[in-house]
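Read through the structure below, which is laid out as structure tokens, and then see the notes.
The values are calculated or read from the model by the stated rules, or taken from the named source; none is laboratory data. Keep in mind the model is a prediction, meaning the values are calculated, not measured. Positions of Cβ are backbone-derived with ideal geometry, glycine not excepted, and every protein chain shown enters the neighbour counts. Ligands, DNA and RNA are stripped out before the accessible areas are found, and what is left, the full protein with its side chains, is counted by its heavy atoms. Shrake-Rupley method; radii C 1.70, N 1.55, O 1.52, S 1.80 Å.
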Amino acid sequence: VEYAVRGPIVTRALQLERDLRQGVPKPFSEVIKANIGDAHAMGQKPITFLRQVTALCLYPELLTEPSIPEDAKDRARRLLAACAGQSAGAYSASPGIELVRQDVARFLQRRDGVPAKPQDIFLSTGASDAIVSILKLLVSGEGESRTGVLIPIPQYPLYSAAIAELSAVQLNYYLDEEHCWALDVAELRRALAEGRRHCCPRVLCIINPGNPTGQVQSRQCIEDVIKFAFEEKLFLMADEVYQDNVYAKGSAFHSFKKVLFEMGPPYSEVVELASFHSVSKGFMGECGFRSGYMEVVNMDPEVQQQLAKLVSVRLCPPVPGQVLLDAVVDPPQPGDPSYELFIAEKQAVLSALAHKAQLTQEIFNQAPGIHCNPVQGAMYSFPRIELPPRALAAAKAQGQAPDMFFCMKLLEETGICVVPGSGFGQREGTFHFR
């Protein structure tokens, strides 16, 4: 199992931080950790309303505090009433607090214009936990009947790590770097045909907006993917945790569920879909609360019972995270005391991220030997680097991937910690970093 975003490069970064604290001279004064999408660690301020609701639930004595707005207090009372023993320290039901699942269903209905049912929603310890649960559910067989899982390359290494841990078969489909990391159905067909020679492909994973690549899929592309999954009887996993993070003009987030239902029968009745969201990204950046959810669509009821059993083994997701998630999916409305501050804070975060996305792309493309596609969404860029022959030879001599060699040099000389493209997967002979 390998997980590059917290791999050897990060271990070295932590060592360098310790050296700096002990006064060891370095060519830099701080280590900049750009290895992981951890907004608050990078100085992003928490959204006031989300923290107020969570604080009130954790310490109800604050309900008498006059400085906290009434709508936050009302929300906390409503949530505490839904907790066992009216305490956020009690276990919840395994799929999550019923009230929060109802609020998530209403959020999805507003987002997609399509009915959503609380019983199809499972709250989770971040989106990662839900993704692993679905993979566990879908992986079976031995030898040539072993489950194959199609994942995009470059991918988020949670997928390759979970597939390795479950002894499933990883089937790579390559995103098209020359066309802003677009997904091409012909490439899906190639990967599927190749996979069928040695395993049983059952699952197709999509990350939209893309991590590490920052692209946003067009509606047409999503339709094509759904038709492909329908024709080939594949279970669709849609990782949509960056749905709030869309910056490029002309780009928009379309959820797989919305497109699926707008396509109508037979697709909307047959294609099995699990979609994932999280409070770790977006404008919230609340990674440490470990909270997210998945919605399953068109899942066989008997299989869904097995999923319910599988999540019950974990007891329940963290209740403070469920509380915070509720505040995200049911935010203050116009006229509420918290509304204006909430909207101002949300817009400030998203516009700062949009500005940084633009800046990143422009500055990388001015640097010799670096090429960066437009960052349409999410929180990352994935620039390609041209490495000279001597660097390739030096990397080989040290037994390192060339982009790992580059990233280590970057860290040692500048204190900037990034992750090599080899940790996410890339086309043979190309080198990147996130």
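Near Ala162, within a Cβ-to-Cβ distance under 14 Å, what is the net charge of the other residues, with Lys and Arg +1 and Asp and Glu -1?
Net of charged neighbours comes to -3.
Mean projection of the alpha-carbon convex hull of region 98-329 over all orientations, in nm²?
12.1 nm²
When Lys and Arg each count +1 and Asp and Glu each count -1, what net charge do the other residues less than 15 Å away from Glu272, Cβ to Cβ, add up to?
-3
For region 207-281 and region 161-186, write down the distance between their C-alpha centroids in whole Å.
15 Å
To the nearest 20 debye, what charge dipole does the chain have about its Cα centre, counting +1 at the Cβ of each Lys and Arg and -1 at the Cβ of each Asp and Glu?
For this selection, approximately 640 debye.
For the chain, with all protein chains present and a 1.4 Å probe, just round the carbon and sulfur fraction of the accessible area to a whole percent.
54 percent
Once Lys and Arg get +1 and Asp and Glu get -1 on their Cβ, which of His254, Tyr339, Ala34 lies farthest toward the positive end of the dipole of the chain?
With unit charges placed on the Cβ atoms, the residue in question is Ala34.
Rounded to the nearest angstrom and ordered from largest down, what semi-axes does the equivalent ellipsoid of region 1-126 get from its C-alpha gyration tensor (root of 5λ)?
After diagonalising the Cα gyration tensor, the semi-axes are 39, 22, 15 Å.
In whole angstrom, how long is each semi-axis of the equivalent ellipsoid of the chain, when you take the square root of 5 times every eigenvalue of its Cα gyration tensor and sort them from largest down?
Sorted largest first and rounded, they come to 34, 30, 20 Å.
What is the distance, in nm, between label points placed 7 Å from the Cα along the Cα-to-Cβ direction at Arg21 and at His40?
My value for the distance between the label points is 2.0 nm.
Name the helices (complete DSSP H segments) of the chain with a Cα length along the long axis of 24 Å or more and a Kyte-Doolittle mean of at least -0.5, or state none.
What comes out of the filter, once short or polar helices are dropped, is 339-366.
For Gln366 paired with Glu2, estimate the spin-label separation in nm (one decimal), with each label point 7 Å from Cα along the Cα-to-Cβ line.
3.5 nm
Any idea what the dipole of region 98-329 comes to, in debye rounded to 20, about its Cα centre with Lys/Arg Cβ at +1 and Asp/Glu Cβ at -1?
280 debye
Exceeding 20 Å between C-alpha atoms, which entries from my cross-link table qualify? They are Lys45/Lys281; Lys258/Lys346; Lys26/Lys409; Lys227/Lys258; Lys33/Lys249; Lys117/Lys346.
Violating the 20 Å limit, Cα to Cα: Lys258/Lys346; Lys33/Lys249; Lys117/Lys346.
For region 109-137, list residues with backbone N below 14 Å from a point placed 7 Å from the Cα of Glu262 toward its Cβ?
In region 109-137, the label zone of Glu262 (backbone N under 14 Å from the point 7 Å along Cα→Cβ) covers 111-114.
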